[in-house]
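Take a look at the structure set out below.
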Protein chains: 2
Amino acid sequence: MSRFLSPLLDRLTPYVPGEQPRDRRYVKLNTNESPFPPAPGVLEAVDRAALEGLNRYPDPAAAALEAALAARFGLRPAQALATNGSDEALAFCMRAFCDASRPPCFADVTYGFYAVLACAQRLEPVVRPLDERFRVRVEDYLDAPGPVFLANPNAPSGLFLPLSDVERIVRANPDLPVIVDEAYVDFGGQSAAGLIDRYANLLVVQTFSKSRNLAGVRIGFALGQEEILSDLRACKNAFNPYSLDSLALRIGEAAVRDEAYLRRCTEEIVRTREAFLQALRSRGFTGNDSAANFVFVRHPRLSGRAYYEALREKGVLVRYFEGPRTRDFVRITVGTPEDMRALLAATDAIEEENG
Amino acid sequence: MSRFLSPLLDRLTPYVPGEQPRDRRYVKLNTNESPFPPAPGVLEAVDRAALEGLNRYPDPAAAALEAALAARFGLRPAQALATNGSDEALAFCMRAFCDASRPPCFADVTYGFYAVLACAQRLEPVVRPLDERFRVRVEDYLDAPGPVFLANPNAPSGLFLPLSDVERIVRANPDLPVIVDEAYVDFGGQSAAGLIDRYANLLVVQTFSKSRNLAGVRIGFALGQEEILSDLRACKNAFNPYSLDSLALRIGEAAVRDEAYLRRCTEEIVRTREAFLQALRSRGFTGNDSAANFVFVRHPRLSGRAYYEALREKGVLVRYFEGPRTRDFVRITVGTPEDMRALLAATDAIEEENG
């Protein structure tokens, strides 16, 4: 922090992304990436002409991508806003709708970026604890003090809150935006996008980084009624009008048009996840079922950190989170069946060495 | 604006990018893009493997690109920060260093995005009028009330403020950041980057959108001493940790390594600009010399808007800015010699029709 920094930012807490070490090759199960390449259409979308045309600005309105997104969800183009990753959509939501009189409201154990964004705006979030099994308590959100940020499925729990409960929260807070962050919805949840026409305060945020196999490009989007979305659009135009580049626009459009590939990839992940969870449980691990592309589990004996470190030693990366409620757990991304076999073999080896 | 929008954002004024019409093919001289394709290395950098690997997150530290940038300017890697276009770097500067007690300070006629960013933070900028020929009056900045945003060369004037004057401003304000926005510096200016080791309060911001022929990707960067740059880095990690995607990182690195291509392209633009300015002056146009890839000129008879509209009618796009000081002028991007001939032919035809 330099002496030039405004005191308004004295509480800036940078988000800590999962590590991307370069010292050796790891089985990388720590950042919830897809193990599959992007849809075949993506590889065709970036041709020589696209690269040669990079001297020209992208369409700042992202019209073609937003039309494709809207069509995919049965909405009108003005009901979709493309952003630089879903993080940018979430940042615009925090900027547009939250202030000291309407602080953001979210769970104690959820996507860590919400708290980072709140801090950056010097806002004191209203934190609602999950129950003892990491489930959202719907009653906690029926009279919210400010905009609700609801990750569904939640991370790192992997639990999906039924759409009827989401709707109860949206309906109970007609004067507050409810932002449903569906980064993992394609792995076992159900999108709230179908509710948009009924609720002026509902925003649905999704990303291309997980089920669309495109963490390396930065594409996210928000869906909502025209009026509430126009606030986010105004934010985009005031902070970074061209935040999606020409290649991302082409790639995003190609990806969203290939629903069949998305379904094939997510079905494969779900199959792998279920077999993997069973294998963990047979080794004494505990943890909830998951509706996401990761599992959140507890080693029978080791703390989250100890298990993480032992796995890292053996070339397998997972993620753990300090904090009283999470430190006994690790979050493991579901990769290919081979990746999961490597993790299980490493786990068995750790067991033997410490046996 | 929806009823959900925070009153804190009631002054949000979206930036209006230059139009990107799709109704017909235009000779596009309105957004200061380069007419040349990206460096050959860029076309090689995005290969099939790069596309297939897009399922993985980019390096959030942008280490390779920042190392290449630092090397190019004779700095250490921690003295370079890569951003999503220079707009993102400017937005971070406004967020990190400006508040009501230290409002941003900039010229009345300059890059319009500074005012947009100030508005978004509800800040009242301190505006210093340029002199009657659009020149920066150095004395106006020797006791600045807050961080200085200095576009150099300035836009839309195209005028370059000598480095000795920039240094006077930086030296006179040791307790305030001075942000030198060098978007157009490669077309006839001289970068202030060489001053960084001497001034803790100096930040130099550049973009890949102009002289590096990459407006379609979104790459910008800030250079400065480690300490002041660490504030911008913290902003990036609090707002959008992965704002540069994997392809942009590869493309940026390839582009920055090919200085010879940049020099060839910018020399060609300078040659075209000088011949074009002469042709305009021989037709009675007035306006300053330019150190940028555009000229800011006044038609002998038509207002900026009337000339813009007449050109648009004939398939040539330029830009004009409403406002008492600028409305008699148009800003014309310097493209290829053929582009400029097309503009001159259209201008002559307008003359004849209105004879």
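The values are calculated or read from the model by the stated rules, or taken from the named source; none is laboratory data. Computed from a predicted structure; not experimentally measured. Here Cβ is always computed from backbone atoms with ideal geometry, including for glycine, and neighbour counts include all displayed protein chains. These area figures cover heavy atoms from the full protein model, side chains too; ligands, DNA and RNA do not enter into them. Shrake-Rupley method; radii C 1.70, N 1.55, O 1.52, S 1.80 Å.
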Review point. Can you tell me which of A:Arg198, A:Arg281, A:Arg233 is within 21 Å of A:Asp181 (Cβ to Cβ) and free of Cβ contacts under 8 Å to residues at least 12 places away in the same chain?
Key: A:Arg198
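For residues that are basic (Lys, Arg) and touching a helix residue (DSSP H, G or I) at 6+ places or on another chain (Cβ under 7 Å), scanning just the stretch B:82-136, find the one that is least open to solvent (accessible area, probe 1.4 Å).
Going residue by residue through the stretch B:82-136, those that are basic (Lys, Arg) are B:95, B:102, B:122, B:128, B:133, B:135.
With touching a helix residue (DSSP H, G or I) at 6+ places or on another chain (Cβ under 7 Å) added as a condition, the list becomes B:95, B:122, B:128.
Numbers: B:Arg95: 32, B:Arg122: 102, B:Arg128: 62 Å².
The qualifying residue least open to solvent (accessible area, probe 1.4 Å) is B:Arg95.
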Revision key, fill the gap. Checked the stretch A:171-198 for anything open to solvent by 10 Å² or more (accessible area, probe 1.4 Å), in contact with a Ser or Thr (Cβ under 6 Å, 6 or more places away or on another chain) and acidic (Asp, Glu); matches are A:Asp186
Review point. If a residue has to be basic (Lys, Arg), over 18 Å from A:Arg24 (Cβ atoms) and in contact with a helix residue (DSSP H, G or I) (Cβ under 7 Å, 6 or more places away or on another chain) to count, how many in the stretch A:313-328 make the cut?
Key: 1
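Conditions (1) more than 8 Å from chain B (Cβ to nearest Cβ); (2) touching a strand residue (DSSP E or B) at 6+ places or on another chain (Cβ under 7 Å), marked per residue:
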site: A:Leu54; (1), (2): no, no
site: A:Ala68; (1), (2): yes, no
site: A:Arg76; (1), (2): yes, no
site: A:Thr83; (1), (2): yes, yes
Exercise for review: Please tell me if A:Arg331 is in contact with a helix residue (DSSP H, G or I) (Cβ under 8 Å, 6 or more places away or on another chain) and either open to solvent by less than 10 Å² (accessible area, probe 1.4 Å) or touching a residue at least 60 places away in the same chain (Cβ under 8 Å) (or both).
Suggested key: no
Practice item. Output the residues belonging to the stretch B:1-60 that are closer than 29 Å to A:Gly224 by Cα, in contact (Cβ under 8 Å) with a residue 12 or more places away in the chain and aliphatic (A, V, I, L, M). Key: B:Leu8, B:Leu9, B:Leu12, B:Val16, B:Leu54
Point to revise | Residue check for A:Arg312: farther than 16 Å from A:Phe285 by Cβ, open to solvent by 30 Å² or more (accessible area, probe 1.4 Å), modelled with pLDDT of 95 or more and over 20 Å from the mean Cα position of the chain (by Cα) | key: yes
Exercise for review: Scan B:Arg168, B:Arg250 and give me the residue that is more than 14 Å from every other protein chain (Cβ to nearest Cβ) and either within 30 Å of A:Ser209 (Cα to Cα) or open to solvent by 10 Å² or more (accessible area, probe 1.4 Å) (or both).
Suggested key: B:Arg168
Review point. Can you tell me which residues in the stretch B:94-117 are part of a helix (DSSP H, G or I) and either free of Cβ contacts under 8 Å to residues at least 24 places away in the same chain or closer than 21 Å to B:Pro153 by Cα (or both)?
Key: B:Met94, B:Phe113, B:Tyr114, B:Ala115, B:Val116, B:Leu117
**Study point:** Matching residues in the stretch A:289-301 - criterion: being open to solvent by 30 Å² or more (accessible area, probe 1.4 Å) and either assigned to a loop (DSSP other than H, G, I, E, B) or of a type in the set (Asp, Glu) (or both)
**Key:** A:Asp289, A:Pro300, A:Arg301
Revision key, fill the gap. Residue pairs within 9 Å by beta carbon, gap of at least six or interchain, first lying in the stretch A:256-276 and closer than 24 Å to A:Arg218 by Cβ, second of a type in the set (Phe, Trp, Tyr) and assigned to a helix (DSSP H, G or I), listed first then second, are A:Thr266/A:Phe187; A:Ile269/A:Phe187
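Kindly indicate whether any position in the stretch A:270-284 is closer than 30 Å to A:Pro37 by Cβ, within 13 Å of another protein chain (Cβ to nearest Cβ), assigned to a helix (DSSP H, G or I) and within 20 Å of the chain's Cα centre (by Cα). Break it down into steps so the answer makes sense when it comes.
Of the residues in the stretch A:270-284, the ones closer than 30 Å to A:Pro37 by Cβ are A:270-280.
This time we only want the ones that are within 13 Å of another protein chain (Cβ to nearest Cβ), so: none.
No, the stretch A:270-284 contains no residue that is closer than 30 Å to A:Pro37 by Cβ, within 13 Å of another protein chain (Cβ to nearest Cβ), assigned to a helix (DSSP H, G or I) and within 20 Å of the chain's Cα centre (by Cα).
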Point to revise | Checking A:Glu352 against (1) modelled with pLDDT of 95 or more; (2) assigned to a helix (DSSP H, G or I); (3) among the acidic types (Asp, Glu), the condition it does not meet | key: (1)
Review point. Do we find that A:Ala238 is at pLDDT below 95, more than 16 Å from A:Gly220 (Cα to Cα), open to solvent by less than 10 Å² (accessible area, probe 1.4 Å) and within 11 Å of another protein chain (Cβ to nearest Cβ) in this structure?
Key: yes
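When the residues of the stretch B:218-234 are narrowed to those that are assigned to a helix (DSSP H, G or I) and at the interface with chain A (Cβ under 7 Å from one of its Cβ atoms), which ends up most open to solvent (accessible area, probe 1.4 Å)? Break it down stepwise before answering.
At the first step, the residues of the stretch B:218-234 found to be assigned to a helix (DSSP H, G or I) are B:226-234.
Okay, now just the ones that are also at the interface with chain A (Cβ under 7 Å from one of its Cβ atoms), so B:227-228, B:230-231, B:234.
Values: B:Glu227: 101, B:Ile228: 2, B:Ser230: 41, B:Asp231: 3, B:Ala234: 24 Å².
Looking at the filtered set, the residue picked out is B:Glu227.
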Study note, to complete from the structure: For A:Phe160, the lone unmet condition from (1) open to solvent by 30 Å² or more (accessible area, probe 1.4 Å); (2) closer than 30 Å to A:Val334 by Cα; (3) out of contact with any Gly (no Cβ under 7 Å at 6 or more places or on another chain); (4) of a type outside the set (Val, Ile, Thr) is (3)
